[in-house]
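Data first, discussion second: the structure below is written as structure tokens.
Readers should treat all values here as calculations from the given coordinates under stated rules, not as data from a laboratory. This structure is a prediction, so every number in the text was calculated from the model and none was measured. Neighbour counts run over all protein chains shown; Cβ positions are idealised from the backbone, glycine included.
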Amino acid sequence: MNILITNDDGIYAEGLLMLAREISKIAKVTVVAPDRERSATAHAITMHKPLRVEKAELRNCSVESWMVNGTPSDCVKLALDALLNDAPDLVLSGINRGPNLGTDVIYSGTVSAAIEAAIYGIPAVAVSVAAYENVSYEYPAQFVRKLCEVLKEKQFPKDTLLNVNIPPLDAEDIAGVLITRLGNRKYKNCFDRRQDPRGKTYYWLAGEVVEDLEDETSDVWAIKNNYISITPIHFDLTNYEVIDSIKKWELKPLL
């Protein structure tokens with residue numbers, strides 16, 4: 001099995017390193033990842049400047065690795081169209097530091113890299129640990145390895161990626177695995193107004209997370225209750241339920 005690994009925390013992030021080491025036990029691994037942190041870049045691609053690629057060496061991990069001065073989506077596109085001789089059997093994005101739950105997937109570079117693979121028709125999994133401080137990636141990497149072994153025997157859903165979130169717990173404290181939907185997780189934003197040393201005003205985005213913890217089918221509920229969440233996502237954003245309703249609108253005056 002050939003597996004491509006990328007992320008949005010940068011090629012030398014601990015989560016990617018741990019994942020590459022673990023997955024290399026069961027597959028041929030190639031890493032193509034950003035040369036620095038590219039969190040919250042969503043599905044941005046680079047069009048107005050050159051993409052530069054350099055070989056990289058990962059610590060205590062002898063897999064072929066490339067770093068790119070672009071976004072996570074750039075990395076996947078470049079890998080599939082230019083760097084790899086053969087398409088991978090699976091693309092893994094992560095392991096991300098911090099959760100990607102609910103509406104996070106709209107902003108997430110981690111999830112967008114997996115979406116890019118899905119656009120190419122390649123099975124993809126985005127993986128995140130739901131914590132920012134004192135994160136251990138050992139168990140999450142082991143879980144993903146086992147998941148890859150399961151996926152190898154299954155029919156992967158077409159035009160779909162799996163968004164996996166793992167609680168920051170030891171294996172014995174995990175309550176189980178739930179197949180979930182995207183929950184309601186929004187940000188109550190505020191902008192901290194500041195001045196630089198030259199007296200010019202700038203703003204720093206801050207705020208707090210507002211979560212709906214009542215929906216037991218959601219990824220948000222799963223993580224809060226110590227379950228691993230696996231959410232199938234597809235990139236067709238069409239709201240099919242309202243197509244017939246909108247067709248009834250009187251639109252001739254617009255012509």
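Given R₀ = 25 Å, what would the calculated FRET efficiency be for Asn226 paired with Lys146, taking r from the Cβ atoms and rounding to 0.05?
0.85
Taking the Cβ of each residue in Asp81, Asp35 as the centre, tally the other Cβ atoms inside 10 Å and list the residues starting with the fewest. Intermediate values should be presented prior to the final figure.
Details: Asp81 9, Asp35 18.
Ordered from fewest to most neighbouring Cβ atoms within 10 Å, Asp81, Asp35 come out as Asp81, Asp35.
With a simple spin-label model that places each label point 7 Å from the Cα along the Cα-to-Cβ direction, the separation between Lys158 and Trp249 comes to 3.0 nm. A simple spin-label model places pseudo-atoms 7 Å from Cα toward Cβ; at Asn184 and Asn2 they are separated by 4.5 nm. The residues packed around Ile119, meaning those with a beta-carbon under 13 Å from its beta-carbon, carry a net charge of -2 if Lys and Arg are +1 and Asp and Glu are -1. Sorting the segments 230-238, 38-46 by their mean number of nearby beta carbons within 10 angstrom, highest to lowest, gives 38-46, 230-238. Arranged from fewest to most other beta-carbon atoms within 10 Å of their beta carbon, Cys61, Cys75 become Cys61, Cys75.
Between Glu216 and Ala131, what is the FRET efficiency for a Förster distance of 25 Å, r being their Cβ-Cβ separation, to the nearest 0.05?
Values: r = 22 Å, r/R0 = 0.87.
Calculated value: 0.70.
When you count the other C-beta atoms within 10 angstrom of each residue and take the mean per peptide, 160-172, 142-154, 189-201 line up highest first as 160-172, 142-154, 189-201.
Eigenvalues of the Cα gyration tensor times 5, then square-rooted: what semi-axes does that give for the stretch 194-250, in whole angstrom, largest first? Don't skip to the answer; put the middle values down first.
Working: eigenvalues 269, 145, 26 Å².
Whole-Å semi-axes of the equivalent ellipsoid: 37, 27, 11.
Taking amide H positions as modeled 1.01 Å from N, with prolines and chain starts lacking one, the residues under 5 Å from Asn96 and 5 or more places away or on another chain are Val127, Ser128, Val129.
Which ³J(HN,Hα) values, rounded to whole Hz and listed in residue order, are derived for the stretch 115-126 from phi using the Karplus coefficients 6.51, -1.76 and 1.60 in 6.51 cos²θ - 1.76 cosθ + 1.60 with θ = phi - 60°, glycine and proline given as x? The phi angles translate into 4, 4, 5, 4, 4, 7, x, 9, x, 8, 9, 9 Hz. Model label points for Phe191 and Val242, set 7 angstrom from Cα along the Cα-to-Cβ axis, are 2.7 nm apart.
Any chance you could tell me what percent of the C-alpha pair distances in the stretch 121-255 go past 22 Å? The share of Cα pairs beyond 22 Å in the stretch 121-255 comes to 58 percent.
Near Val105: Cβ cut-off under 10 Å, other residues only, Lys/Arg at +1 and Asp/Glu at -1. The net charge is -1. Taking only alpha carbon atoms, the stretch 61-123 gives an Rg to Rh ratio of 0.97, where Rh is the Kirkwood radius.
Antiparallel DSSP bridges in the stretch 26-82: what percent, to the nearest 5? Walk me through the numbers before you get to the answer.
On the way: 4 of 9 bridges.
Antiparallel bridges: around 45 percent, rounded to the nearest 5.
Kirkwood analysis of the Cα pair distances in the stretch 1-148 returns a hydrodynamic radius of 14.7 Å. In order along the stretch 81-94, the Karplus-derived 3J(HN,Hα) couplings, from 6.51 cos²θ - 1.76 cosθ + 1.60 at θ = phi - 60°, round to 9, 9, 8, 8, 6, 10, 5, x, 7, 7, 10, 10, 10, x Hz, and Gly and Pro are given as x. Distance from the Cα centroid of the stretch 45-95 to that of the stretch 158-175 is 24 Å (rounded to whole angstrom).
Using per-residue counts of other Cβ atoms within 10 Å, averaged over each peptide, order 130-138, 213-221 from highest down. Could the numbers behind the result be given before it?
Values: 130-138: 14.4, 213-221: 18.0.
The peptides rank, most packed first, as 213-221, 130-138.
Could you list the residues of the stretch 144-166 with an amide nitrogen less than 14 Å from a label point located 7 Å from the Cα of His234 in the Cα-to-C-beta direction? From the stretch 144-166, the list is 156-162. If you plug the beta carbon distance of Lys49 and Ile174 into 1/(1 + (r/R0)^6) with R0 = 51 Å, you get a FRET efficiency near 0.75. Rounded to the nearest 5, the antiparallel percentage of DSSP beta bridges internal to the chain is 40%. Remark: the stretch 61-173 is approximated by an ellipsoid whose semi-axes, taken from the C-alpha gyration tensor as √(5λ), come to 23, 16, 15 Å, largest first.
Couplings for the stretch 234-245, taken from phi via the Karplus curve 6.51 cos²θ - 1.76 cosθ + 1.60 with θ = phi - 60°, read 10, 9, 7, 8, 4, 8, 5, 5, 9, 4, 4, 5 Hz in order; Gly and Pro are left as x.
Out of all Cα-Cα pairs in the chain, roughly what percent, to the nearest whole number, are more than 25 Å apart?
Numbers: 14976 of 32385 pairs.
So the pairs more than 25 Å apart make up 46 percent of the total in the chain.
Bridging of Lys158 to lysines at a Cα separation below 25 Å is possible for Lys28, Lys77, Lys146, once same-chain residues fewer than 8 apart are set aside.
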